[in-house]
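The structure appears right after this line, and notes come after that.
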Amino acid sequence: RIGNPASWQAALEAVKESSGKIDMVTDQEILHAYSVVAAEEGVFCEPASAASVAGVIKLRAQGALKEGDTVVCTLTGHGLKDADTAISVSKQPVTVKASRDDVARLLKL
């Protein structure tokens, strides 16, 4: 369905009306954005929802967006729709003994 979006014509009209842009992102770019959204914003979104953020990251890297530009990304899918991806891209949990010294050492305090 993504390869042939149902609302393509409406999307093109929205891009024209808003002076926006449509671009493509890779699966790797989406997974990177998915991780950034979780780490930086604390939002557990579905990978497909992170595609818009991946596009923003890509445009920023290309210089098409400047610092201070206003960008809105809508994330519509909850991460539980694809829990397998969350598990596959997550780091293994760190375990530590239940002692103040061990926790402080781990946190480099």
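We did not get these values from a lab; they are worked out from the coordinates using the rules stated. Bear in mind the structure is a predicted one, so any value in this text is a computation, not a measurement. Reconstructed Cβ throughout: ideal geometry from the backbone, glycine too, with neighbour counts over all protein chains shown.
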Taking Cα atoms, the helix 8-18 axis meets the longest principal axis of the chain at an angle in degrees (rounded to 10) of 90 degrees
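I need SER52, SER35, SER90 ordered by Cβ neighbour count within 10 Å, fewest first.
Working: SER52 19, SER35 16, SER90 10.
Placing the least packed residue first, the sequence is SER90, SER35, SER52.
Say the cut-off is 32 Å between C-alpha atoms; which of LYS81/LYS108; LYS58/LYS97; LYS66/LYS108; LYS16/LYS58; LYS16/LYS91 go over it? Intermediate results must be reported in sequence, preceding the final value.
Details: LYS81/LYS108 36 Å; LYS58/LYS97 41 Å; LYS66/LYS108 35 Å; LYS16/LYS58 20 Å; LYS16/LYS91 41 Å.
Cα-Cα > 32 Å for LYS81/LYS108; LYS58/LYS97; LYS66/LYS108; LYS16/LYS91; rest within.
For the chain, state the average projected area of the convex hull of the C-alpha atoms over all orientations, rounded to one decimal in nm². The partial results should precede the final answer.
Numbers: hull surface 39.2 nm².
Approximately 9.8 nm², given one-decimal rounding.
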Those trypsin sites (Lys or Arg not before Pro) from the range 74-109 that are DSSP loop and have at most 16 other Cβ neighbours within 10 Å turn out to be LYS91, LYS97, LYS108
Here, GluC sites (Glu not before Pro) of the range 36-109 satisfying both criteria (DSSP loop; at most 14 other Cβ within 10 Å) are GLU67
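When only C-alpha pairs under 8 Å and at least 6 residues apart count, what is the relative contact order of the range 25-109, in percent? Mind showing how you got there, number by number?
Details: 73 pairs, mean separation 22.8, N = 85.
Over the range 25-109, the number comes to 27 percent.
Is it possible to state the helix-based mean residue ellipticity at 222 nm for the chain, with each DSSP H run of 4+ residues giving -39500 (n - 2.57), the sum divided by total residues, to the nearest 500 deg cm²/dmol? What is it? Each step should come with its number before you reach the end.
Values: 5 runs with 46 residues, N = 109.
The per-residue figure over the chain is -12000 deg cm²/dmol.
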Per the charge dipole of the chain (beta-carbon charges, Lys/Arg positive, Asp/Glu negative, Cα centre), the residue among PRO47, LEU106, THR76 reaching farthest to the positive end is LEU106
Projected onto the charge dipole of the chain (unit charges on the beta-carbon of Lys, Arg, Asp and Glu, signs +1, +1, -1, -1), the Cα from ILE30, SER90, ILE57 with the largest positive-side position is that of SER90
Cβ density ranking, 10 Å radius, fewest first, applied to ILE22, ILE30 yields ILE22, ILE30
Amide H neighbours of HIS78 at under 5 Å, excluding residues fewer than 5 places away on the same chain, with H built from the backbone geometry, are GLU46
